[in-house]
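Scroll down for the structure; my scribbles are underneath it.
The values are calculated or read from the model by the stated rules, or taken from the named source; none is laboratory data. Values in this document were obtained by computation on a predicted structure and should not be read as measured data. Glycine also receives a Cβ, built like all others from the backbone with ideal geometry; neighbour counts cover every protein chain displayed. Just so you know, the surface numbers come from the protein's heavy atoms only, side chains and all, with ligands and any DNA or RNA stripped out. Shrake-Rupley method; radii C 1.70, N 1.55, O 1.52, S 1.80 Å.
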Amino acid sequence: ENAKTVTFAPTSAVSGTPAYAYYPYSAEAGTNMTAIKGHISSAHTLNAELDNVPGVYRYGYYKSTSGNASSFGFKHVFSIVRFHLDVTGTKLAGRQLQDIEITVKRGSKAVPVCGDFTFNAETGAHTIGSNTSNTIKFSFDGKPVLDDEITFYTTLFSNVKKNDVLYFTVNTAGYTATYRVSSNVAFAKNNLYTYSMPIRSYSSLRVVENEI
């Protein structure tokens with residue numbers, strides 16, 4: 001998933017110039033290249049290295065053919081988001097991280113960020129389905145201790161607009177923190193957005209002790 005170059009092989013002989021390519025392949029995705037079916041889950045488990053990017057979908061554009069091999073470049077169907085979480089100076093420091101939940105709203109309206117969709121494998125144009133959620137949750141292998149800043153990634157629908165609000169709930173062994181962050185940009189597909197979050201600086205921060 002994080003490799004710069006990968007090799008794909010067909011399951012049967014093909015001829016001519018390839019029409020399209022996409023990732024990841026699924027037998028349930030269908031064969032209509034203008035409406036490939038996909039799904040970004042509302043719950044993910046991140047590995048101990050925090051270098052996996054859940055929910056990645058890519059569509060390819062043909063570049064060249066040499067012998068029996070064809071080369072494609074790939075673009076992301078949606079937005080990639082990088083979160084830098086810094087709990088220095090709060091009661092979460094030194095605690096084991098359990099999970100993080102993110103909910104996105106525009107005023108009182110839910111903004112879908114995951115769920116079902118279809119996309120065009122040639123252009124990357126997508127249509128959001130009816131089974132969606134404005135909340136996405138991350139669990140963590142190894143339950144990392146929040147000594148320093150941690151960084152994690154995810155894929156989100158490119159629905160977030162400027163001034164939409166992301167509500168965070170960070171659960172640790174002992175304490176739970178909630179805070180909110182306003183987006184200062186509108187998301188676009190195939191773009192990376194970074195949220196640096198020294199949460200002690202947020203006036204919306206609330207930290208409560210977990211009930212035993």
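Suppose we filter 196, 158, 204, 182 for residues that are more than 17 Å from residue 87 (Cβ to Cβ), more than 15 Å from the chain's Cα centre (by Cα) and among the polar types (S, T, N, Q); which single one remains?
Matching residue, one of 196, 158, 204, 182: 182.
Going by the conditions given, is residue 172 open to solvent by 40 Å² or more (accessible area, probe 1.4 Å), among the polar types (S, T, N, Q) and at pLDDT 95 or above?
The answer is no for residue 172.
Quick check on my filter: what residues within segment 188-204 are closer than 19 Å to residue 149 by Cβ and open to solvent by less than 50 Å² (accessible area, probe 1.4 Å)?
Hits for segment 188-204 are 193, 195, 197, 198, 199.
Inspect segment 117-136 for any residue being under 19 Å from residue 84 (Cβ atoms) and at pLDDT 95 or above and give the result as yes or no.
Yes, segment 117-136 has at least one match.
In segment 81-125, which residues are open to solvent by 50 Å² or more (accessible area, probe 1.4 Å) and closer than 22 Å to residue 143 by Cα?
Of everything in segment 81-125, those that are open to solvent by 50 Å² or more (accessible area, probe 1.4 Å) and closer than 22 Å to residue 143 by Cα turn out to be 82, 88, 89, 91, 95, 96, 98, 101.
For segment 175-187, enumerate the residues that are open to solvent by 40 Å² or more (accessible area, probe 1.4 Å) and touching a strand residue (DSSP E or B) at 6+ places or on another chain (Cβ under 9 Å).
Matches in segment 175-187: 178, 180, 182, 185.
Pull up segment 43-80, narrow it to residues that are farther than 26 Å from residue 167 by Cβ and among the hydroxyl-bearing types (Ser, Thr, Tyr), then point me to the one that is least open to solvent (accessible area, probe 1.4 Å).
So the residue we want is 59.
Being touching a Lys or Arg at 6+ places or on another chain (Cβ under 7 Å) and at pLDDT 85 or above is the requirement here; does residue 82 meet it?
The answer is no for residue 82.
Look through 165, 207 and report the one residue that is surrounded by 15 or more Cβ atoms within 10 Å (Cβ to Cβ), within 15 Å of residue 94 (Cα to Cα), touching a strand residue (DSSP E or B) at 6+ places or on another chain (Cβ under 9 Å) and among the β-branched types (Val, Ile, Thr).
It is 207.
From the list 205, 156, 146, pick out the single residue that is under 30 Å from residue 72 (Cβ atoms), touching a residue at least 24 places away in the same chain (Cβ under 8 Å) and of a type outside the set (Ser, Thr, Tyr).
156
Tally time: how many residues in segment 61-100 are free of Cβ contacts under 8 Å to residues at least 12 places away in the same chain and basic (Lys, Arg)?
1
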